[in-house]
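Chemist: First the structure, which I've put down as structure tokens, then a few questions once you've had a look.
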């Protein structure tokens, strides 16, 4: 398991295995994350990117705070998508439409779709008195 603090990193041996029992010691100034290369026969090693600062020993890619921010942005985007879908369903219900074609099906050739703004639907509903 990768070290999580600078103190742990200084005591950790990167790439340690039966064929190389000592492994590689920590390199000062670099990210403390242990990375696994994609090629065959290569062993895991310390990340080669520079650390952000002595107080934050992670690079911009492996920084746990960055991962939390990215997850938060993704959750906000999903919530916004769900809100738009819910608004669209409500407008369709008010129009008396029984069903709709999900967005992922609109890429098939046999499905016909029309794009209409929510403002336009609201205007139509007012004209219909619904």
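The values are calculated or read from the model by the stated rules, or taken from the named source; none is laboratory data. The shown structure was predicted, so the numbers you read here are calculated from the model rather than taken from an experiment. All Cβ positions, glycine included, derive from the backbone under ideal geometry; neighbour counts span all protein chains shown.
Chemist: Could you tell me whether residue 30 is under 30 Å from the mean Cα position of the chain (by Cα), more than 16 Å from residue 62 (Cα to Cα) and modelled with pLDDT of 85 or more? Give the steps one after another, and end with the answer.
Modeler: Working: under 30 Å from the mean Cα position of the chain (by Cα): yes; more than 16 Å from residue 62 (Cα to Cα): no; modelled with pLDDT of 85 or more: yes.
Spelling it out, it is not the case that residue 30 is under 30 Å from the mean Cα position of the chain (by Cα), more than 16 Å from residue 62 (Cα to Cα) and modelled with pLDDT of 85 or more.
Chemist: Scan the stretch 89-110 residue by residue and report those that are at pLDDT below 70 and either closer than 24 Å to residue 122 by Cα or in contact with a strand residue (DSSP E or B) (Cβ under 9 Å, 6 or more places away or on another chain) (or both).
Modeler: Going residue by residue through the stretch 89-110, those that are at pLDDT below 70 are 96-110.
If the condition is that a residue be at pLDDT below 70 and either closer than 24 Å to residue 122 by Cα or in contact with a strand residue (DSSP E or B) (Cβ under 9 Å, 6 or more places away or on another chain) (or both), then 96, 97, 98, 99, 100, 101, 102, 103, 106 are the ones that fit.
Chemist: Sticking with this one: Exactly one condition in (1) buried (at least 16 other Cβ atoms within 10 Å of the Cβ); (2) at pLDDT below 85 is not met by residue 58; state its number.
Modeler: So the condition that residue 58 fails would be (2).
Chemist: While we're looking at this one, here's another question. Applying the selection to the stretch 30-44, what residues are surrounded by fewer than 16 Cβ atoms within 10 Å (Cβ to Cβ) and in contact with a strand residue (DSSP E or B) (Cβ under 6 Å, 6 or more places away or on another chain)?
Modeler: 44
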